[in-house]
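Down below is the structure, laid out as structure tokens.
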Amino acid sequence: MSYPQSIKKLIDQFLTLPGIGPKTAERLALSIASRPKAKIEEFINPFINLENLKVCQMCRNFSDTN
């Protein structure tokens with residue numbers, strides 16, 4: 001099926017995740033695309049907040065602080 005470029009890019013991004021094949025990537029992309037804008041933003045925000053994530057120098061776990 002032919003999708004708009006924005007959906008194709010989203011599918012391509014899902015394909016970069018481990019364990020996600022073409023059909024699952026397509027289903028996930030279409031599911032997200034069908035949500036209201038507020039729900040899409042709610043979904044995206046945790047990804048944006050990952051920029052604050054650090055690896056603790058002592059324990060090597062992910063943390064918001066060192």
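For segment 25-66, a residue qualifies if it is open to solvent by 100 Å² or more (accessible area, probe 1.4 Å) and either within 17 Å of LYS9 (Cα to Cα) or acidic (Asp, Glu) (or both), and the qualifying residues are ARG27, GLU42, PHE47, GLU51, ASP64.
Evaluated against (1) modelled with pLDDT of 90 or more; (2) exposed (fewer than 10 other Cβ atoms within 10 Å of the Cβ), LYS8 falls short on exactly one condition, (2). Among the residues making up segment 1-15, those that are part of a helix (DSSP H, G or I) and either more than 12 Å from the chain's Cα centre (by Cα) or in contact (Cβ under 8 Å) with a residue 24 or more places away in the chain (or both) are GLN5, SER6, ILE7, LYS8. Residues in segment 32-57 that are small (Gly, Ala, Ser) and not in a loop (DSSP other than H, G, I, E, B): ALA33, ALA38.
Is it the case that ALA29 is part of a helix (DSSP H, G or I), more than 15 Å from the chain's Cα centre (by Cα) and not aromatic (Phe, Trp, Tyr)? No, not satisfied.
The values are calculated or read from the model by the stated rules, or taken from the named source; none is laboratory data. This one's a predicted model, so the numbers in the text were calculated from it and none came from an experiment. Virtual Cβ from ideal backbone geometry, glycine too; neighbours counted across all protein chains shown. Each accessible area value is taken on the protein alone, full model and side chains, heavy atoms only, with ligands, DNA and RNA left out. Shrake-Rupley method; radii C 1.70, N 1.55, O 1.52, S 1.80 Å.
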